[in-house]
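The values are calculated or read from the model by the stated rules, or taken from the named source; none is laboratory data. Keep in mind the model is a prediction, meaning the values are calculated, not measured. Note that we place each Cβ from the backbone using ideal geometry, even for glycine, and neighbour counts take in every protein chain shown.
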Amino acid sequence: MNTCEGSLGESAGVHHEVSSLTAAAHELKSPLALVRQLALQLESGDVTDEQRRLVQQITLTSERALRLTSDLTRSARLEDALFDVEPINPEQLCRDIVAELAPLFEAHGRSLAVSHRSHPLLLVANRDLLRRIIMNFSDNALYYSQPGTAVHMQIVALKKAGTVRVGIRDYGPALSADMWRKLQKKLKHSPQSIHARPQSSGLGLFIASQFAEAMQGTIGATRHRDGATFYVELQASRQLSLL
Amino acid sequence: MTKVLLVEDDPWLAELEAGILTKAGYDVTLSPHAPSAIVAIDSVKPDVIILDVLLTGSTAFALMHELQSYGDTHATPIILCTNMAENLKLEDLASYGVKRIVDKTTMQLDDLPAAIRGVLL
């Protein structure tokens, strides 16, 4: 009985925390959108090259913050709303995201690319949620990759599991063993704040794990000598095999 | 000259948007909230209304509901300009006279003039 009460109390506490976070995220949208508009207005005027570079950084930073607030408000609606899942070509989706994030990566002296597959794979997902997960991983990779390196999006089929994995590989400092253990533990015990890397709250990864879970998928990470791959794994679509 | 009523409760954003619209050749009237918008609609008779959703006091929905109940305002096209665009569907709002939804979090400087041109075609 005590265990049950404790569990419910904890759940209510988590729910309250998420609600407060969502409300805060929504409140932040207006000032962030205003900052972005003011920066766009400034950029459209007569400014020096250096001023233009700085104003573009304000625009890109406010857009990054707006994506996070949007993800937070979206995650709060997961339980309330039904959403469609459909067969999706993740490579095409990744290419769209690359086009959208190219200015941000360029401003940070990095690039983003998709590894091409000659035989496209399909997975079953909600387009909006999958897009948010990949954007999130890309954002994470941007800030932990070395300047001058390329972040790669890779799509592989895991035939035994019947899933497709979309991974975002960055090239940066290796995660310490201690940090890696913490990350693995947190990835398996959501909802909690996931400490993705040093100096990160891991909020973005926590949201990504919620989105993946809502689609019966999982997220995870692979540690490399020179960086990491964060991935989402979702059910493969059988649409092509039925043709 | 096309008359635009801009209902926006953030004064800095209102000033910025009004500046863009004026530069684009529109005659802009600003209202910071729903009650002042009703007064402005009576006096200005706008060709199009640009409306924020979460206003101080009454929301845009109360205002739109009221406009739909009057014979001389129910056909005035409305463009919602909001931070809540991802939560709204145009087809759900068509009966309120909403013709376009512009997302404040992603809009570019020329999106509002383009939306006006689109609804007045």
Among the residues that make up segment A:222-243, is at least one of them within 14 Å of the chain's Cα centre (by Cα), modelled with pLDDT of 90 or more and farther than 28 Å from A:Asp84 by Cβ?
yes
Just give me the residues in segment A:123-152 being surrounded by fewer than 19 Cβ atoms within 10 Å (Cβ to Cβ) and among the aliphatic types (A, V, I, L, M), in sequence order.
A:Ala150
Report yes if B:Glu86 is farther than 19 Å from B:Val28 by Cα, within 13 Å of chain A (Cβ to nearest Cβ) and surrounded by fewer than 17 Cβ atoms within 10 Å (Cβ to Cβ), otherwise no.
yes
Only one of A:Arg95, A:Arg117 that is surrounded by fewer than 20 Cβ atoms within 10 Å (Cβ to Cβ), modelled with pLDDT of 95 or more and either on the phi > 0 side of the Ramachandran plot or assigned by TED's automatic domain parsing to the domain that holds A:Thr222 (or both)
A:Arg95
Which residue pairs have Cβ atoms under 8 Å apart, sit 6 or more places apart or on different chains, and have a first residue in segment A:100-122 that is farther than 19 Å from A:Ser62 by Cβ and touching a residue at least 24 places away in the same chain (Cβ under 8 Å) and a second that is part of a loop (DSSP other than H, G, I, E, B) and of a type in the set (Gly, Ala, Ser)?
A:Gly109/A:Gly148; A:Arg110/A:Ser145; A:Arg110/A:Gly148; A:Leu122/A:Ser237
Options A:Gln56, A:Gln41, A:Gln92; residue that is of a type outside the set (Ser, Thr, Tyr) and within 10 Å of chain B (Cβ to nearest Cβ)
A:Gln41
Check off (1) more than 12 Å from the chain's Cα centre (by Cα); (2) surrounded by fewer than 18 Cβ atoms within 10 Å (Cβ to Cβ) for B:Leu13 and give me the number that stays unchecked.
(2)
Which fully enclosed strands (runs of 3 or more DSSP E) of segment B:5-121 have 2 or more residues being in contact (Cβ under 8 Å) with a residue 60 or more places away in the chain?
B:48-51
I'm trying to understand the selection: among the residues of segment A:109-160, which are among the polar types (S, T, N, Q) and more than 18 Å from A:Thr222 (Cα to Cα)?
A:Ser111, A:Ser118, A:Asn126, A:Thr149
Is it fair to say A:Ser62 is surrounded by fewer than 17 Cβ atoms within 10 Å (Cβ to Cβ), in a helix (DSSP H, G or I) and among the small types (Gly, Ala, Ser)?
no
